[in-house]
1. Of these, GLU113, GLU121, which one is of a type in the set (Asp, Glu) and over 18 Å from LEU3 (Cβ atoms)?
2. Since GLY170 meets every condition but one in (1) within 17 Å of the chain's Cα centre (by Cα); (2) surrounded by 13 or more Cβ atoms within 10 Å (Cβ to Cβ), which condition does it not meet?
3. Filter the stretch 91-106 down to residues that are under 18 Å from ILE75 (Cβ atoms), of a type outside the set (Val, Ile, Thr) and either surrounded by fewer than 18 Cβ atoms within 10 Å (Cβ to Cβ) or in contact with an Asp or Glu (Cβ under 8 Å, 6 or more places away or on another chain) (or both), then give me how many there are.
4. Hey, could you check the stretch 221-247 for residues that are in contact with a helix residue (DSSP H, G or I) (Cβ under 7 Å, 6 or more places away or on another chain) and outside any loop (DSSP other than H, G, I, E, B) and say which is nearest to ALA163 (Cα to Cα)?
5. Of the numbered conditions (1) touching a Leu at 6+ places or on another chain (Cβ under 8 Å); (2) in a loop (DSSP other than H, G, I, E, B), LEU156 satisfies every one except a single condition; which is it?
6. Counting just the residues of the stretch 197-220 that are surrounded by 15 or more Cβ atoms within 10 Å (Cβ to Cβ) and in a helix (DSSP H, G or I), which one comes out farthest from the chain's Cα centre (by Cα)?
7. Give the residue that is surrounded by the fewest Cβ atoms within 10 Å (Cβ to Cβ), with candidates limited to residues of the stretch 179-196 that are touching a Leu at 6+ places or on another chain (Cβ under 8 Å) and part of a loop (DSSP other than H, G, I, E, B).
8. With the requirement that a residue be part of a helix (DSSP H, G or I), open to solvent by less than 10 Å² (accessible area, probe 1.4 Å) and hydrophobic (A, V, I, L, M, F, W, C), what does the stretch 11-53 give you?
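The values are calculated or read from the model by the stated rules, or taken from the named source; none is laboratory data. This is a predicted model, so every value here is computed, not measured. Note that each Cβ is placed from the backbone with ideal geometry, even for glycine, and that neighbours are counted across all protein chains shown. Areas reflect the complete protein model, heavy atoms only, side chains present, ligands, DNA and RNA absent. Shrake-Rupley method; radii C 1.70, N 1.55, O 1.52, S 1.80 Å.
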Amino acid sequence: MSLKLPNVIGHRGAASYAPENTLEGIHTAADMGVKWVELDVKLTKDDVPILFHDDELDRTTNGSGKVAETKYEDIQQLETGSWFGESFTGIKVPTLEEAIEVLIDRDLGLNLEIKPCAGRETETAEAALDILSQYWDERSNLLISSFQHGCLEVSLDIAQDWARGLLIGGEEIPEHFLDIADHLDVKTVNVSTSLANHEIVLEIIEKELTPLIYTVNDPIQAREYQSMGVKTLFSDEPDILLEHMLSVH
């Protein structure tokens, strides 16, 4: 099974142009000609997988408190657009199921980041993968990624034929990250721009893994990564990168 990765993946939809992790963001990316998007999934208190990044509701909704302590019916009452811009006022936090329907309708590939609240790694991965398994038939345009090794272990266990990606960020590269990648049988290593240098990229490629870099919005930086051998970048401004990057397959 080979992944058909594009040159540019829309980060959280198209995060510079529409509220992140929303159906509107997915449509915005698709309208720009983006082929894949990256989205975050976590669980409500009553175990409904929703598109959401933060542990708390405050930044991107008119609610407050922890996602893990809020039932889906209460999250449904919130809006997640006005923080971003007036024209988006009133839009809702989507379920993973709703998002998948739009992705399939718009013929988009998906990098789903499993982003569990602390202590909910196993159930978040299981719930998200269960929903995906009901809808997603194509294997070449789906990547399951996470910072949490437990989530990737669940994916390896119950959805082995879906490609996995190990996420790396923070202050420094983990010393044995390639051993971890091998243990989790990942196809990609997704590295933040703060850590991704030529040496790291080369190490990943030499292990016959695919380096993906996040989050790149500057065309000059994008070309620099391309010159290192990186073929796929995450971007909040995917239209800018699509216009300026060399087409690499």
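1. Values: GLU113 fails: over 18 Å from LEU3 (Cβ atoms).
None of the others qualify; the one that does is GLU121.
2. Tallying (1) within 17 Å of the chain's Cα centre (by Cα); (2) surrounded by 13 or more Cβ atoms within 10 Å (Cβ to Cβ), GLY170 fails exactly one: (2).
3. Total satisfying the criteria: 3.
4. If we filter the stretch 221-247 for residues that are in contact with a helix residue (DSSP H, G or I) (Cβ under 7 Å, 6 or more places away or on another chain), which is where we start, we get 222, 228-230, 233, 235, 238, 240-241, 244-246.
Next, from what is left, pick out any that are outside any loop (DSSP other than H, G, I, E, B): 222, 228, 233, 235, 238, 240-241, 244.
Details: ALA222: 24, MET228: 23, LEU233: 17, SER235: 21, PRO238: 23, ILE240: 27, LEU241: 25, HIS244: 28 Å.
Filtering the stretch 221-247 for residues that are in contact with a helix residue (DSSP H, G or I) (Cβ under 7 Å, 6 or more places away or on another chain) and outside any loop (DSSP other than H, G, I, E, B), the one nearest to ALA163 (Cα to Cα) comes out as LEU233.
5. For LEU156, the failing item is (2).
6. GLU203
7. Here is the first cut: in the stretch 179-196, the ones touching a Leu at 6+ places or on another chain (Cβ under 8 Å) are 180-181, 184-191.
Then drop every residue that is not part of a loop (DSSP other than H, G, I, E, B), which leaves 184-187.
On the way: LEU184: 17, ASP185: 13, VAL186: 24, LYS187: 21.
That would be ASP185.
8. Just the residues of the stretch 11-53 that are part of a helix (DSSP H, G or I), to begin with: 23-31.
With open to solvent by less than 10 Å² (accessible area, probe 1.4 Å) added as a condition, the list becomes 25-26, 29.
Correct list: ILE26, ALA29.
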